[in-house]
Amino acid sequence: MLSSRSQFDPVTAEEWAERHRIEGPWQRTQYELFDWVTPLTILTKGNVQDETVDRAQLSPLPLSACLGTARSDASGEWPRDPFDVGASVAFTFSTAPTSEGGTIGPASVPPLAVTEIPYQDAGVGHTVWHAAVVLSIFMRSPAGIELLSQSARTPGRLPRLLELGAGLGLPGRDASARGNVASLVTISDTRPALLAQLSLDLVIDAAAADAAAQSLEPSIWSSIQPRAEPLAEPLAEPLAESRAAANIEVMRLNWNDAADVAAGVAGGYEVLIASDVAYYQPDVQPLADAMKAMGAATTLIVAPMHREAARSLAETLSEMGSSCVEHQLTLVTSDADGWLDGEGGERFPPPSSLQMPALAFCILEVSWPREEESSR
């Protein structure tokens, strides 16, 4: 028997919650990045399963220990199989707390929308992993800004930046959106589905940036919806238009391919960035060779602290003559709905008793001797 209720009849709380979960954001995540690791992480070298911390453990840390924060709002089809059906995830970033209590400032505008795509087309690059969030936040931190500002080989000019194995390109796209990080950002990967999706997302980024510049509502995202499926081929003309405005491009680059590496060398990049690209031991030597060939002034590689291939990469790069410094960090995640919003756009953290996942990461800061240094 069909229900006689009209569309204007009140709905139950359960029905409202289910409808909201399907039509609106169904997961909001808050990220905090700390220049600190737990004693257990140090003891186990990051080989910790399901470690959690609470606000009481973080409170004694100096304010400078928090490098920055981010928030993601995921929406799209629900329920979903994350390997078969992607989500649209909007990222915003905030500065580190400037006062006691963990209060963070207003979020960046406009949000950066990332469109996940099916695993069978994109491989492990089909989604945004925590390592990409760590790299994005770190590059916004005072330490990251200083590193990037010192990387340009020509005084007074912003460096050229290349993201290797970018996947959906969150760090590179955010660097471009900020406008004061690089003179050119190139996002690279190998799979056609990823290159196509990146090309489309850059057009959307450019439209959102234009809207923000004209003081339009950030709800532009509601009128420019990311595609559920990637384009068959990367866009050409729309992307060329966005390059002029945003100084960003998409490039196929496989570090196992000599011709691709040569194209990277020809690009004259002064900054290389990558997140969790040394996953298997066979990846290490070709990746290290490509990085040495490009000879960037600064290379930032993020990986979970327990990743053995990343440790091997650091050792290999050092043996090849680079300077390799490791920064150990912790990414704390929590339910963003547990945070309170202030009148000025600032946000207040949840109660101290809440247990939050704590993930240990390392950032490898790699540099190669300058020509004048190596010739001595």
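Read the figures in this text as sums done on the coordinates, not as results from a lab. Just so it is clear, the model here is predicted, and its values are computed rather than measured. With ideal geometry, Cβ positions are generated from the backbone for all residues, glycine too; neighbour counts draw on all protein chains shown.
Out of 321, 271, 342, whose Cα points farthest toward the positive end of the dipole of segment 242-376 (charges: +1 Lys, Arg; -1 Asp, Glu; placed on Cβ)?
About the Cα centre, the residue reaching furthest to the positive side is 321.
Let me check I've understood the local charge: for residue 70, count other residues with C-beta under 12 angstrom from its C-beta, Lys and Arg +1, Asp and Glu -1. What total comes out?
Counting the neighbours of residue 70, the net charge comes to +1.
Mind pulling the per residue volume of the convex hull built on the Cα atoms of segment 28-374? Å³ is fine.
148
Could you give the size of the charge dipole of segment 28-374 about its Cα centre, using +1 on the Cβ of each K and R and -1 on the Cβ of each D and E, expressed in debye and rounded to the nearest 20?
Dipole of segment 28-374, to the nearest 20 debye: 440 debye.
In nm, to one decimal, how far is the residue 337 label point from the residue 315 one, both placed 7 Å along Cα→Cβ?
Those two pseudo-labels are separated by 4.6 nm.
Output needed for segment 72-211: three equivalent-ellipsoid semi-axes, defined as square roots of 5 times the C-alpha gyration tensor eigenvalues, in descending order, whole Å.
Over the Cα atoms of segment 72-211, the semi-axes work out to 26, 20, 13 Å.
What are the ³J(HN,Hα) values, in whole Hz, obtained from phi via the Karplus relation 6.51 cos²θ - 1.76 cosθ + 1.60 with θ = phi - 60°, for each residue of segment 357-369 in sequence order, with x given for Gly and Pro?
Going residue by residue, I get x, 10, 10, 8, 10, 10, 10, 8, 9, 10, 9, 10, x Hz, with x marking Gly and Pro.
Where Rh is the Kirkwood radius over the Cα pairs of segment 242-376, the temperature 20 °C and the viscosity 1.002 mPa s, what D in µm²/s does Stokes-Einstein return?
Using the Kirkwood radius from Cα pairs, D works out to 122 µm²/s.
Order the peptides 166-176, 317-327 from the highest to the lowest mean number of other Cβ atoms within 10 Å of their residues.
Per-residue Cβ counts within 10 Å, averaged per peptide and sorted highest first, yield 166-176, 317-327.
Of all chymotrypsin sites (Phe, Trp or Tyr not before Pro) in segment 257-338, which ones are in loop regions per DSSP and have a Cβ with at most 10 other Cβ atoms within 10 Å?
280
Considering the zone a paramagnetic label at residue 57 would reach in this model (a point 7 Å from Cα along the Cα-to-Cβ line), which residues of segment 337-353 have amide N under 17 Å from it?
Only 350-353 fall inside the zone, counting backbone N under 17 Å.
Where does the charge balance sit around residue 271 when Lys and Arg score +1, Asp and Glu -1, over other residues with C-beta under 14 Å from its C-beta?
-1
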